[in-house]
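Here's the structure we're looking at; comments come further down.
The values are calculated or read from the model by the stated rules, or taken from the named source; none is laboratory data. Here the structure is a predicted model, which is why all the values come from computation and not from measurement. All Cβ positions, glycine included, derive from the backbone under ideal geometry; neighbour counts span all protein chains shown.
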């Protein structure tokens with residue numbers, strides 16, 4: 001089981017420093033807006049939902065990660081032209097999904113984030129969802145610019161490298177986020193027994 005270091009530390013390690021020009025009033029306004037978006041739930045320093053990046057979903061809507069707040073989320077990274085590992089990641093997610101029949105779709109979401117924003121447009125993601133029979137009431141597919149995707153990958157402990165010719169070498173991780181966007185558990189590898197992941201989700205849902 002893995003946990004996320006505070007975002008302030010991780011982002012300090014991976015991003016260049018920013019100019020300190022924000023006033024106290026501006027910071028307070030920002031925090032107030034974040035609380036409103038998150039359903040008046042204060043986010044911890046370890047929440048991925050503190051990220052300010054903008055994303056496009058499969059319906060070509062602009063969203064922020066904080067809009068995933070309020071339910072347990074399974075998160076994995078993939079790309080639609082992947083012919084080996086990514087289909088197996090999707091299959092692993094479906095195995096987990098099949099074991100969650102006792103819970104409503106609004107209790108657990110599944111998020112796929114592309115590693116290939118140049119190719120994986122919202123339209124391409126929508127086609128991928130259709131081809132793989134992904135329930136739109138549970139599954140969300142996201143793309144953004146390369147910097148935002150790399151930033152999220154670092155926080156998810158995902159490593160990937162574009163080798164050209166449409167091939168991307170990458171690790172294979174399914175991450176469980178609690179309702180506040182904190183990393184609670186990670187399932188690494190392909191074709192793994194999902195029981196521990198399912199137990200983690202079950203424990204989170206029972207505690208809500």
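Observations on the model:
- As for segment 145-160, it holds no residue that is surrounded by fewer than 16 Cβ atoms within 10 Å (Cβ to Cβ) and part of a strand (DSSP E or B).
- Subset of segment 95-127 (residues that are closer than 30 Å to residue 207 by Cα, out of contact with any strand residue (DSSP E or B) (no Cβ under 9 Å at 6 or more places or on another chain) and in a helix (DSSP H, G or I)): 95, 98
- Members of segment 147-172 that are more than 12 Å from residue 77 (Cβ to Cβ) and modelled with pLDDT of 95 or more: 147, 148, 151
- Odd one out for residue 104, checked against (1) without any contact (Cβ under 8 Å) to a residue 12 or more places away in the chain; (2) under 19 Å from residue 84 (Cα atoms): (2)
- Listed conditions (1) surrounded by fewer than 19 Cβ atoms within 10 Å (Cβ to Cβ); (2) part of a loop (DSSP other than H, G, I, E, B) are all met by residue 130, apart from (2).
- In a residue-by-residue description of segment 135-149, the property of being more than 15 Å from the chain's Cα centre (by Cα) and closer than 23 Å to residue 192 by Cα applies to at least one position.
- Within segment 79-98, the set of residues being more than 15 Å from residue 191 (Cα to Cα) and in contact (Cβ under 8 Å) with a residue 40 or more places away in the chain comprises 79, 80, 81, 82.
- Selection status of residue 137, surrounded by fewer than 17 Cβ atoms within 10 Å (Cβ to Cβ) and farther than 16 Å from residue 109 by Cα: no
- A single entry from 14, 80, 24 fulfils the requirement of being under 19 Å from residue 115 (Cβ atoms) and modelled with pLDDT under 95: 14.
- Here 106, 45 are screened, and the one residue that is surrounded by fewer than 19 Cβ atoms within 10 Å (Cβ to Cβ) and either out of contact with any helix residue (DSSP H, G or I) (no Cβ under 9 Å at 6 or more places or on another chain) or over 23 Å from residue 159 (Cα atoms) (or both) is 106.
- Tally, over segment 162-177, of residues that are closer than 15 Å to residue 110 by Cβ and either free of Cβ contacts under 8 Å to residues at least 24 places away in the same chain or touching a helix residue (DSSP H, G or I) at 6+ places or on another chain (Cβ under 8 Å) (or both): 3
- Residues that are surrounded by fewer than 21 Cβ atoms within 10 Å (Cβ to Cβ) and part of a helix (DSSP H, G or I), drawn from segment 73-88: 85, 87, 88
- When every residue of segment 171-194 is checked against the conditions, none turns out to be out of contact with any strand residue (DSSP E or B) (no Cβ under 8 Å at 6 or more places or on another chain), loosely packed, with under 13 Cβ neighbours inside 10 Å and part of a helix (DSSP H, G or I).
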